[in-house]
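K.L.:
This is the structure I want to talk about, given as structure tokens.
Quick note: the coordinates plus some simple rules give every number you see, no bench work behind them. Keep in mind it's a predicted model, so treat the numbers as computed, not measured. Here the Cβ positions follow ideal geometry from the backbone for every residue, glycine too, while neighbour counts run over all protein chains shown.
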Amino acid sequence: MDFDPASLRFDANGLVPAIAQDHATGEVLMLAWMNAEAVSRTLTTGRVTYWSRSRQAFWVKGETSGHTQRLVEMRIDCDRDCLLMLIEQAGPACHTNRRSCFYTALRAGEERIILDPMA
């Protein structure tokens, strides 16, 4: 069965959330957005491509930073409205130079920074 990106349930802006997770460790690295063309480009090239809502343009992760994401496997959730990208991450995933965008934890009602920027 061939996959058709149009079979996904996109929001009113034509986007679906895409969670990037390290395929080897299971660590959740980031969340971004994809449209049908970004999904197709990712599947075709193996380089994860997102849709930048602020720039209104395609964004190949690592294109300028060198912190690339290689697709290992794409998974679709049960409602077909969210994607899980199992990836191989080169360098930090976050624009703050941290391994993960999820570096702030709420502990005992307070925010705690749990990841330092990578060297």
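K.L.:
Determine the relative contact order of the range 5-113: mean sequence separation of Cα pairs under 8 Å and six or more apart, normalised by residue count, in whole percent. Walk me through the numbers on the way to the answer.
P.N.:
Details: 210 pairs, mean separation 27.2, N = 109.
So the answer I get is 25 percent.
K.L.:
What is the sum of charges, Lys and Arg at +1 and Asp and Glu at -1, for the other residues whose Cβ falls under 15 Å from the Cβ of ALA93?
P.N.:
0
K.L.:
Please state the Cα pair-distance histogram of the range 7-49 with 10 angstrom bins from zero: what percent is in each bin?
P.N.:
Per 10 Å bin, starting at 0, the Cα pair percentages come out as 27, 50, 22, 1.
K.L.:
Moving on to the next point. Taking 0.36 nm per residue of sequence separation and subtracting the Cα-Cα distance, how much length would be gained by fully extending the chain between ILE76 and GLU111, in nm to one decimal?
P.N.:
9.5 nm
K.L.:
Pairs of alpha-carbon atoms within less than 8 angstrom and 6+ residues apart define the contacts here; what relative contact order does the range 59-118 have, in percent?
P.N.:
Contact order relative to length: 22 percent.
K.L.:
While we're looking at this one, here's another question. Does the chain come out rounded, prolate or oblate, given a ≥ b ≥ c as the square roots of the eigenvalues of its C-alpha gyration tensor, rounded meaning a/c under 1.5 and, failing that, prolate meaning a/b above b/c?
P.N.:
It comes out prolate by the Cα gyration axes.
K.L.:
Then there is this: Please work through the chain and write down the cysteines that have no neighbouring cysteine Cβ at a distance under 4.7 Å.
P.N.:
When partners are defined as cysteine Cβ atoms under 4.7 Å apart, the chain leaves CYS78, CYS82 without one.
K.L.:
Within a Cβ distance under 12 Å of GLY14, other residues only, what is the Lys/Arg minus Asp/Glu net charge?
P.N.:
Value of the local net charge: 0.
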